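What follows is a single structure, written as structure tokens, with notes after it.
The values are calculated or read from the model by the stated rules, or taken from the named source; none is laboratory data. Computed from a prediction, not measured in an experiment: that's the story for all the values here. Every residue, glycine among them, receives a Cβ derived from its backbone with ideal geometry; neighbour counts consider all protein chains shown. Just the protein is used for accessible areas: all its heavy atoms, side chains included, with ligands, DNA and RNA removed. Shrake-Rupley method; radii C 1.70, N 1.55, O 1.52, S 1.80 Å.
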Amino acid sequence: MKNTLIVNYTPRIGSNTKILVDHFTALNKDKTKITVLDLAKTAPDLLLEENLNLYVKRNFGGVDLSEDEQKRMYHNDKIVQQILDADFIVLASPLYNFSIPATVKAWFDTVISAGKTFTQTATGPKGLCGNKQAVLLMTSGGDFNSEPLKNVNFGSPLVATCFGFMGIPSESITAFGLQQYQDKATEILEKAKQEVEVLSNKWY
């Protein structure tokens, strides 16, 4: 059975993004082994002074860490291992202020890991995770599929870039305009849920 990692950031009560990820889970819970990382409850450690320098020393400098230093890195290393163990990755996140929430960016800052998910070559960085597939499930109140907001949607392009940097092909399923078009919100969500069903049949 294939492994699926669900990474979700859906802390808002009544989250529309949670509706989509819950739909994915209900469809596929018997088809794949699912691991869930709830970023609202288990966030990565930020790359602050201590662990950033430990990461650089180990991953770029090739220096073995002491036992205490390894313990300091354990939490984020476990998060990296989750993506290495996965065949499929589902990232569920709203669009906040034109981009992804800070906690989701912190997850990417953790899993884009030198020597693990990418490596440096003479021609530039190369992703090491080409045997995986990913999908972004994203919702927003405004319609970022249409101008003028389409031009300032930095969220889904950033996600695609980050996955691509690790060698992971990805696609996105969005439900945008849920507040802007309140009379059509149910229809927008249902369309996205149908796309989730199509993706599920393709993956499993």
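Of note:
- Across segment 1-52, the number of residues qualifying as assigned to a helix (DSSP H, G or I), open to solvent by 40 Å² or more (accessible area, probe 1.4 Å) and of a type in the set (S, T, Y) comes to 1.
- Segment 102-131, subset assigned to a loop (DSSP other than H, G, I, E, B) and open to solvent by 10 Å² or more (accessible area, probe 1.4 Å), residue farthest from N53 (Cα to Cα): N131
- Where a residue in segment 33-51 is without any contact (Cβ under 8 Å) to a residue 24 or more places away in the chain and its partner, wherever it lies, is charged (D, E, K, R) and surrounded by 14 or more Cβ atoms within 10 Å (Cβ to Cβ), with Cβ under 8 Å and at least six apart: E50/R72
- Any hit, segment 140-148, residues being among the hydroxyl-bearing types (S, T, Y) and under 26 Å from N3 (Cα atoms): no
- Residues of segment 165-187 satisfying the condition of being surrounded by fewer than 16 Cβ atoms within 10 Å (Cβ to Cβ) and within 12 Å of the chain's Cα centre (by Cα): E171
- Residue list for segment 62-77, filter: in a helix (DSSP H, G or I) and not polar (S, T, N, Q): E67, D68, E69, K71, R72, M73, Y74, H75, D77
- Y55 vs. criteria loosely packed, with under 15 Cβ neighbours inside 10 Å and among the hydroxyl-bearing types (S, T, Y): no
- The residues of segment 143-164 that are crowded, with 19+ Cβ neighbours inside 10 Å and small (G, A, S), listed by number, are G155, S156.
- Taken as a whole, segment 113-123 holds no residue that is farther than 27 Å from L199 by Cβ, within 18 Å of the chain's Cα centre (by Cα) and of a type outside the set (A, V, I, L, M, F, W, C).
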